[in-house]
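Quick notes on the structure that follows.
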């Protein structure tokens, strides 16, 4: 299992664990997310510094969305890849959505 798959599996597991107020889930998820992002996980999915890479998963996902809403999972991931949102801040936002809800 690749490192990226291990981190993705960890995040999915954390979402399904009871975590009280979500602090444990959010903290652990943020560490796993940041590690995956720094390890090139976003680039592997096609989130590039100039936008989604043609023919990639990110490009297909974007085209399926039509208009991408600000603050959505997709927009946060793309912002991290483009350098607009810091990795730690972006991962914190994603994990808060996943672990606590909006």
When residues of segment 24-57 are limited to those that are part of a helix (DSSP H, G or I) and surrounded by fewer than 17 Cβ atoms within 10 Å (Cβ to Cβ), the one modelled with the lowest pLDDT: 38
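Quick test for you: out of 93, 78, pick the one residue that is at pLDDT 75 or above, in contact with a strand residue (DSSP E or B) (Cβ under 9 Å, 6 or more places away or on another chain) and either surrounded by 13 or more Cβ atoms within 10 Å (Cβ to Cβ) or assigned to a helix (DSSP H, G or I) (or both).
Working: 93 fails: in contact with a strand residue (DSSP E or B) (Cβ under 9 Å, 6 or more places away or on another chain).
Answer to the check: 78.
Considering only residues of segment 58-73 that are closer than 24 Å to residue 30 by Cα and out of contact with any strand residue (DSSP E or B) (no Cβ under 7 Å at 6 or more places or on another chain), which is surrounded by the fewest Cβ atoms within 10 Å (Cβ to Cβ)?
Going through segment 58-73, the residues closer than 24 Å to residue 30 by Cα turn out to be 58, 61-62, 68-73.
From what's left, out of contact with any strand residue (DSSP E or B) (no Cβ under 7 Å at 6 or more places or on another chain): 61, 68-73.
Values: 61: 18, 68: 14, 69: 10, 70: 7, 71: 12, 72: 13, 73: 14.
If we take residues in segment 58-73 being closer than 24 Å to residue 30 by Cα and out of contact with any strand residue (DSSP E or B) (no Cβ under 7 Å at 6 or more places or on another chain), then 70 is surrounded by the fewest Cβ atoms within 10 Å (Cβ to Cβ).
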Do we have any residue at all in segment 58-75 that's part of a helix (DSSP H, G or I) and modelled with pLDDT under 70? no
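For segment 81-90, which positions are part of a loop (DSSP other than H, G, I, E, B) and modelled with pLDDT under 75?
Residues satisfying the conditions are 84, 85, 86.
The values are calculated or read from the model by the stated rules, or taken from the named source; none is laboratory data. Source: prediction; values computed, not measured. For neighbour counting, all protein chains shown are included, and Cβ atoms are generated from backbone atoms with ideal geometry for every residue, glycine included.
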